[in-house]
Amino acid sequence: MSLSPSRLVLISGGRLEFQHEGFVVMLTMTIWWLAILLEAALLIRGIQEKLVRRFPIFYSYILFVFVEEFIRFTVYRWLSSRYSQVYWATQFLSLVIGSAVIFEIYRVGLRSFPGTARMARYLLLIVFGAVFAKTLANPSGGLFWWFAERSLMLERNLRIVQGLAILSLVLLFLWYAIPFGKNLKGILFGYGLFIAMSIVQLTLSDTWGDIRLFWPFVQPVSYLLVLGLWATALWSAEPVPEGKRATQLEDDYEVLVASTRTQLRRAFARLGWTARL
Amino acid sequence: MMPTAIFVAVAILLVLFLLLITKRKEVEEQESDQATAATPSDCRDALQRPELVLRIFSREDREFVLQMRSPRLQQIYQEERRKVALHWVRKTSREVSRIMHTHRLMARLSRNLDVVAEVKLLWQYLELRFICGLLVLLIEALGPHALHDLASYAGELSQLIGRTLPDAAAASRVTSSENPGTL
């Protein structure tokens, strides 16, 4: 390890400087290589099981992260002075592709459920609208400090927007009992978990002094966990459960709403009697 | 500090709901087959008969037991009626959930889903669940006739206030004339 740079830079980026190498650097390399191996396994299984066709954006994301790891590793090893720039450039690209993964979850998950898809579009519009309005209303202290703040802050803010979008989708999936199948559930759970951990890490990195020493290890290890989850969920292709088409339903939606409303009103009335009797 | 707490809360909420998704059984998801098999016109009123409510929360039974002047009988009556009332409220709450569940499973397939109508129904549903929860608490704490007793008490109180209000107004007029500087 004589060529190892003095700075320890994990997958999460150049946020920490270590005086000592040895075990820590070895651990970093192990995590790094394990991640690359898992990503390769995911890609190979995706091609073998033809899951690449079903989830093209997700596999593009994995391919991008896979290539990105090699680029980062190469730069880190032989051009460490440029590492920070390469890290942030690739990180933001992966953030953009990651956002497309959320769109894919929405597209694949709600393909057979046009009603819920319509609801999701409105909900996402509200989420993004609220974020945008907050930014406009308070440009200096809003959610995006585009130019004034550091990249770390920008990444955190974008992760929060992603987190809110996923949270909205998850709530809708739960409310309308949308069936996923193992593959999509794995993608959603893994990506959601990754975003949640990123938000916590990026939010607390400035606040908690000593804990910063451990966070750079927590994130790569948790990323490995996410890759493990994806590898398990996507090892074999499983059919996506589809909602049965109710041909009559399109015309009957208003009847359905009226019927539900009537039944709820009756319940209201009966509960009201308990006070009036 | 405030944004930090909000951001961390968003992350925790996200993880919790993701865990809920993984815990959710596919059985629930497949219930849609049954729901879609039924047309809206098949959705009959699943709530219990109104006579049942009239009987459970009726004052006649209580008055009859009170006339017996037996503390033991009154105690037994209170305990039994509380159990029956609680069972009724919980069953109603479950029925309300079932009505909404059936609605959701059918609405998710509709191309012309009305977002405003869905939000209104959700609000109605939440109100009903809240009322059921409140009723359970009241019946647990004060007995099956709690709401009626509270309503009667409020009525009596308002009548009492109504009766005393002219006197109070007159008294305040007297006080203000004695102390012109005070309001």
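The values are calculated or read from the model by the stated rules, or taken from the named source; none is laboratory data. Small disclaimer: the values here were computed from a predicted structure and weren't measured. Here the Cβ is made from the backbone with ideal geometry for all residues, glycine too, and neighbour counts use every protein chain on show.
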In region B:98-118, is there at least one residue being free of Cβ contacts under 8 Å to residues at least 60 places away in the same chain, within 22 Å of A:Phe173 (Cβ to Cβ), surrounded by fewer than 22 Cβ atoms within 10 Å (Cβ to Cβ) and of a type in the set (Val, Ile, Thr)?
-> yes
Would you check if there is a residue in region A:177-189 being facing chain B (nearest Cβ under 7 Å), part of a helix (DSSP H, G or I), more than 12 Å from the chain's Cα centre (by Cα) and modelled with pLDDT under 90?
-> no
Of the residues in region A:99-119, those that are in a loop (DSSP other than H, G, I, E, B) and more than 11 Å from every other protein chain (Cβ to nearest Cβ) come to A:Arg111
Across region A:93-127, the tally of residues that are under 15 Å from A:Ser60 (Cα atoms) and among the aromatic types (Phe, Trp, Tyr) stands at 1
Would you confirm whether any residue within region A:91-107 is surrounded by 20 or more Cβ atoms within 10 Å (Cβ to Cβ), closer than 29 Å to A:Glu254 by Cα and hydrophobic (A, V, I, L, M, F, W, C)?
-> yes
Those residues of region A:166-176 which are at the interface with chain B (Cβ under 7 Å from one of its Cβ atoms) and over 16 Å from the mean Cα position of the chain (by Cα), in sequence order | A:Leu174, A:Trp175, A:Tyr176
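I'd like to check something: does region A:89-101 contain any residue that is in contact (Cβ under 8 Å) with a residue 12 or more places away in the chain, polar (S, T, N, Q), touching a Gly at 6+ places or on another chain (Cβ under 7 Å) and over 25 Å from A:Leu234 (Cα atoms)?
Taking region A:89-101 and keeping what is in contact (Cβ under 8 Å) with a residue 12 or more places away in the chain, we get A:90-95, A:97-101.
Next, only the ones that are polar (S, T, N, Q) stay: A:90-91, A:94, A:99.
This time we only want the ones that are touching a Gly at 6+ places or on another chain (Cβ under 7 Å), so: A:91.
Now restrict to residues that are over 25 Å from A:Leu234 (Cα atoms): none.
No.
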Set A:Val86, A:Val67: member being modelled with pLDDT of 90 or more, over 16 Å from the mean Cα position of the chain (by Cα), assigned by TED's automatic domain parsing to the domain that holds A:Leu188 and under 22 Å from A:Met29 (Cβ atoms) = A:Val67
Residue pairs within 9 Å by beta carbon, gap of at least six or interchain, first lying in region A:253-266 and closer than 16 Å to B:Arg129 by Cα, second part of a helix (DSSP H, G or I) and small (Gly, Ala, Ser), listed first then second, are A:Thr260/B:Ala107; A:Arg261/B:Ala117
Please verify whether region A:132-144 includes one or more residues that are modelled with pLDDT under 70 and either touching a His at 6+ places or on another chain (Cβ under 9 Å) or aromatic (Phe, Trp, Tyr) (or both).
-> yes
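Does A:Pro241 satisfy the condition of being in a loop (DSSP other than H, G, I, E, B), facing chain B (nearest Cβ under 9 Å) and modelled with pLDDT under 85?
Numbers: in a loop (DSSP other than H, G, I, E, B): yes; facing chain B (nearest Cβ under 9 Å): yes; modelled with pLDDT under 85: yes.
Spelling it out, A:Pro241 is indeed in a loop (DSSP other than H, G, I, E, B), facing chain B (nearest Cβ under 9 Å) and modelled with pLDDT under 85.
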Neighbours by Cβ (under 6 Å, 6+ apart or cross-chain): first from region A:18-40, outside any helix (DSSP H, G or I) and modelled with pLDDT under 90; second surrounded by 15 or more Cβ atoms within 10 Å (Cβ to Cβ) and among the hydroxyl-bearing types (Ser, Thr, Tyr) = A:Glu21/A:Ser4
Among the helices (runs of 4 or more DSSP H) lying completely within region B:46-130, list those that include at least 1 residues that are under 30 Å from A:Arg261 (Cβ atoms) and at the interface with chain A (Cβ under 7 Å from one of its Cβ atoms).
-> B:50-56, B:71-107
